[in-house]
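A.B. asks: Just dropping this structure here.
Just so it is clear, none of the values below were taken in a lab; they were calculated from the coordinates. Quick caveat, the model's predicted, so the values are computed rather than measured. So basically every Cβ, Gly included, is an ideal-geometry build from the backbone, and we count neighbours across all protein chains shown.
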Amino acid sequence: MRPGTEGAHDRTPTTESLFTARSAGGRRERFVSALLAASAAATVLVTVGLVLTLIFEAGHFLVEVGLLSFLLDSEWTPGFRPARYGILPLLVGTLKVAAIASVVALPIGLLTAIYLSEYADRRARALLKPLLETLAGIPTVVYGYFALIVVTPALRSVLPGIEVFNALSAGIVVGIMIIPMVSSLSEDAFRAVPRSLRDGAFALGATRFEVAWRIVLPAAASGVVAAFILALSRAIGETMIVAIAAGDLAGLSLDPRIATQTMTAYIVQMSLGDTPRGTIEYQSLFAVCMTLFLLTLALNATSQRIVRRFRTVYR
Amino acid sequence: MATIHPIPAGDVPALQTEQLSVYYGSNPALRGIDLTVPRNRVVALIGPSGCGKSTLLRCFNRMNELIPEARVEGTVRFNGEDLYGERVDPVNVRRRIGMVFQRPNPFPRSIFDNVAFGPRINGNTTGLAQTVERALRQAALWDEVRDRLNESAYDLSVGQQQRLCIARTLAVRPEIVLMDEPASALDPIATQRIEELIYELKEDYSILIVTHSLQQAARVSDYTAFLYHGELVEYGPTDLIFTNPVEERTEAYVTGRFG
């Protein structure tokens, strides 16, 4: 055989049936499709199972305690006799920490996003973005001890009368933790504003600040609000920092200087202890979980609605 | 070498470039442009895509500075002053030399607020309603929007949006209006309205217009500059450029033999 002729032979049309080829491929295709569907179903099943467990256990608790007293009682004293189970103190504690965190994270996150999207040159971005990502990647337990060991003593040297475990320190550090979330989600919203709008404003003699403040920010407002709400939801769900640094006093006080128990911190406290299954204390855990779940679910849904309803459609 | 036909003695220069070059990174986009834009005249910049027309236009209001890699060399004079002088604030330049873009880019807010944007950032809010009305009248849009000033600018047709953008530019009371293919996104009727508008506006403004349409250049402009590969090939009165150009490349382009 002369060199070069093998190739020609290789390309000879086969007599293999089109149907056999298809069914082999079809079987593999069906297997892949089933595998993917199973993975998706697993996520759904886990979620459904989780929610059902929550509803079931929390239901027992609510039958025992009563929905009204759970929602309206002003005390949360599971350890006392008679124990009282009003969610309000835990809710107030949670919102207090989240509010402090927001005061820290929203302005800093927003201004960071404006800087990154409207002011920073390539070099500054290359420096700042990885730093923010690092901030987002720090384990929360590290943040927790940072609050307890660094921030609290610093606060105590400035504000006498502040307790060792307090809402302020935990709130500030939760705020620091969610800055990257606020800034990166807001920056995405800013970057979605078309270049042509900025050019239009620059051409009218707007300064960089006027472009950012009067054009980009209003145009991206829905995205920024959604970012705020998602970050707030993250702050409400944050556990480790508050468990370590905020203390475990469930009370209705808004004072940021005193020990404060959040819903998440209560859940940690209860699950670490030796609470027997089936007791009312054990079930209270699920009632708090349920409340937390509904709260963050509502916030996430609100955030999505805002993005959908108030999104500016550019033409 | 470029052929620059003399400008009649009665025409006062408003903008002048001397050996103007622009680089994007190390790529030259414009090389050694010498161009004079007389006051209250319409100057058209023509040439094939990528010849540097838009880049040249953006030199006159220092918009090129918003592109990080762009570098401008040479001089641009505005009423004799160096536009790129050390003490010149580009924000001030842009308040006196306005710009209308290729695609209408109204802000996502009301018709009124769009026109009022410039006066507001300049702090000229006394008589704002009159300023807005005057600008909308000048842009031949007033009659269509007088009853719906608070509606979103996005509810206007594309042609109306472009006139709104012209009104927005005029509300700042610039001396010069730069237009970057202002009718390229519009239908023929809207295009005609813009062209009529340009004709009326030259009473009060000097206008520099980049256009892909030779007919448009011939209809609206007093002077035409033909650019090719970043160089100014020929510049002079529009009828001369279109009927009796000196340069072979100009003739080839205006007769449609390339581009």
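A.B. asks: Which value in nm describes the separation of the simple spin-label points at B:Ser157 and A:Val46, placed 7 Å from the Cα toward the beta carbon?
C.D. replies: About 5.6 nm, to one decimal.
A.B. asks: Divide by every residue of the protein assembly as shown the summed helix terms, -39500 (n - 2.57) for each DSSP H run of at least 4, and state the resulting mean residue ellipticity at 222 nm, rounded to the nearest 500 deg cm²/dmol.
C.D. replies: Values: 23 runs with 302 residues, N = 574.
Helices in the protein assembly as shown give a 222 nm mean residue ellipticity of -16500 deg cm²/dmol.
A.B. asks: Further, regarding this structure: If you average 1/r over every pair of different alpha-carbon atoms in segment A:76-310 and take one over that average, what Kirkwood value in Å do you get?
C.D. replies: Values: mean 1/r = 0.0520 Å⁻¹.
So the Kirkwood estimate lands at 19.2 Å.
A.B. asks: At most 12 other Cβ atoms within 10 Å and a DSSP loop assignment: could you name the GluC sites (Glu not before Pro) in segment B:163-259 that fit?
C.D. replies: Answer in residue order: B:Glu203.
A.B. asks: Using a 10 Å cut-off around each Cβ of peptide B:82-95, what is the average number of partner chain Cβ atoms that fall inside? Mind showing how you got there, number by number?
C.D. replies: On the way: counts 0, 0, 0, 0, 0, 0, 0, 2, 3, 7, 1, 1, 7, 4.
Taking the mean over all residues of the peptide, I get 2.
A.B. asks: Could you calculate the contour length gain from B:Gln130 to B:Asp143, that is, 0.36 nm times the residue separation minus the distance between their Cα atoms, to one decimal place in nm? Working shown, then result.
C.D. replies: Details: separation 13, 0.36 × 13 = 4.68 nm, distance 1.45 nm.
3.2 nm is the gain from fully extending B:Gln130 to B:Asp143.
A.B. asks: Another question, if that's okay. Determine the distance separating the Cα centre of segment A:31-66 from the Cα centre of segment B:71-120; give it in Å without decimals.
C.D. replies: Value for the Cα centre distance between the two parts: 59 Å.
A.B. asks: If I take R0 = 22 Å and measure r between the Cβ atoms of B:Asn79 and B:Glu18 in this structure, what FRET efficiency does the formula 1/(1 + (r/R0)^6) give, to the nearest 0.05? Each step should come with its number before you reach the end.
C.D. replies: Numbers: r = 15 Å, r/R0 = 0.67.
After rounding, the FRET efficiency stands at 0.90.
A.B. asks: Something else about it: Among the trypsin sites (Lys or Arg not before Pro) within segment B:74-112, which fall in a DSSP loop and have no more than 16 other Cβ atoms within 10 Å of their own Cβ? Please report the intermediate quantities before stating the final value.
C.D. replies: Details: sites: B:Arg77, B:Arg87, B:Arg94, B:Arg95, B:Arg96, B:Arg109; in loops: B:Arg87, B:Arg109.
Sites meeting the loop and neighbour criteria: B:Arg87.
A.B. asks: Still on this structure, I have one more. If I histogram all Cα-Cα distances within chain B using bins 10 Å wide from 0, what percent of pairs lands in each bin?
C.D. replies: 7, 31, 35, 21, 6, 0
A.B. asks: Count neighbours as other Cβ atoms within 10 Å of each site's Cβ, and list the GluC sites (Glu not before Pro) in segment B:58-88 that are DSSP loop with at most 11 such neighbours.
C.D. replies: Details: sites: B:Glu65, B:Glu69, B:Glu73, B:Glu81, B:Glu86; in loops: B:Glu69, B:Glu86.
Loop-located and lightly packed - B:Glu69, B:Glu86.
A.B. asks: What is the dipole size for the protein assembly as shown, taken about its Cα centre, with +1 at each Lys and Arg Cβ and -1 at each Asp and Glu Cβ, in debye to the nearest 20?
C.D. replies: Working: 54 positive and 54 negative charges, 163 e Å.
I would put it at about 780 debye.
A.B. asks: Gaussian network model of chain A, Cα springs within a sub-10 Å range: biggest mean-square fluctuation belongs to which of A:Ser69, A:Ser33, A:Ser284?
C.D. replies: A:Ser33
A.B. asks: Sticking with this structure for a sec: Among A:Met270, A:Met263, B:Met179, A:Met290, what is the fewest-to-most ranking by other Cβ atoms within 10 Å?
C.D. replies: On the way: A:Met270 17, A:Met263 25, B:Met179 28, A:Met290 20.
Going from least to most buried by this count: A:Met270, A:Met290, A:Met263, B:Met179.
A.B. asks: So if the hydrodynamic radius of the protein assembly as shown is defined as the Kirkwood radius over C-alpha pairs, what does Stokes-Einstein give as its diffusion coefficient at 37 °C and 0.692 mPa s, in µm² per second?
C.D. replies: Working: Rh = 29.3 Å.
Translational diffusion coefficient: 112 µm²/s.
A.B. asks: Ok, one more. Among B:Ile67, B:Ile166, what is the fewest-to-most ranking by other Cβ atoms within 10 Å? Each step should come with its number before you reach the end.
C.D. replies: Details: B:Ile67 12, B:Ile166 26.
The most exposed by this proxy come first: B:Ile67, B:Ile166.
A.B. asks: What ranking do B:38-46, B:115-123, A:208-216 get when scored by the average of other Cβ atoms within 10 Å per residue, highest first? Intermediate results must be reported in sequence, preceding the final value.
C.D. replies: On the way: B:38-46: 22.4, B:115-123: 20.4, A:208-216: 18.7.
Per-residue mean Cβ counts within 10 Å order the peptides as B:38-46, B:115-123, A:208-216.
A.B. asks: Within 10 Å of each Cβ of A:265-276, how many other protein chain Cβ atoms are there on average? Before the final figure, lay out each step's value.
C.D. replies: On the way: counts 0, 0, 0, 0, 0, 0, 0, 0, 0, 0, 0, 0.
For peptide A:265-276, the averaged partner shielding equals 0.
A.B. asks: Moving on to the next point. Can you tell me which of A:Leu159, A:Leu88, A:Leu185 moves the most in a GNM of chain A? Springs connect C-alpha atoms under 10 Å apart.
C.D. replies: Result: A:Leu159 has the largest fluctuation of those listed.
A.B. asks: Only bridges whose two residues both fall in segment B:7-254 count here: according to DSSP, what percent of them are antiparallel, nearest 5? Show your work: numbers first, answer last.
C.D. replies: Values: 25 of 42 bridges.
Roughly 60 percent of the beta bridges in segment B:7-254 run antiparallel, per DSSP.
A.B. asks: Right, next: Rounded to the nearest 10 degrees, what's the angle between the helix A:221-237 long axis and the longest principal axis of chain A, both from Cα atoms, 0 to 90?
C.D. replies: Taking the Cα atoms of chain A, the angle to A:221-237 is about 60 degrees.
A.B. asks: Report relative contact order for segment A:190-311 in percent, whole number only (criteria: Cα-Cα under 8 Å, sequence separation at least 6). Can you show the working numbers first?
C.D. replies: Details: 101 pairs, mean separation 35.7, N = 122.
So the answer I get is 29 percent.
A.B. asks: Can you tell me which lysines have their Cα less than 21 Å from the Cα of B:Lys202? Leave out same-chain residues fewer than eight positions away.
C.D. replies: Qualifying lysines at Cα under 21 Å: B:Lys53.
A.B. asks: Enter the mean number of other protein chain beta carbons within 10 Å of the beta carbon of each residue in A:207-220, as an integer.
C.D. replies: Working: counts 5, 2, 0, 4, 2, 0, 0, 6, 4, 0, 0, 3, 3, 0.
The per-residue average across the peptide is 2.
A.B. asks: Now for a different question. Where both partners of a DSSP beta bridge lie in the protein assembly as shown, what percent of those bridges are antiparallel, to the nearest 5?
C.D. replies: 60 percent
A.B. asks: OK, next. Pick out which of B:Val158, B:Val88, B:Val177 has the largest mean-square fluctuation in a Gaussian network model of chain B, springs linking Cα atoms closer than 10 Å.
C.D. replies: In this elastic network of chain B, the residue with the biggest mean-square fluctuation among B:Val158, B:Val88, B:Val177 is B:Val88.
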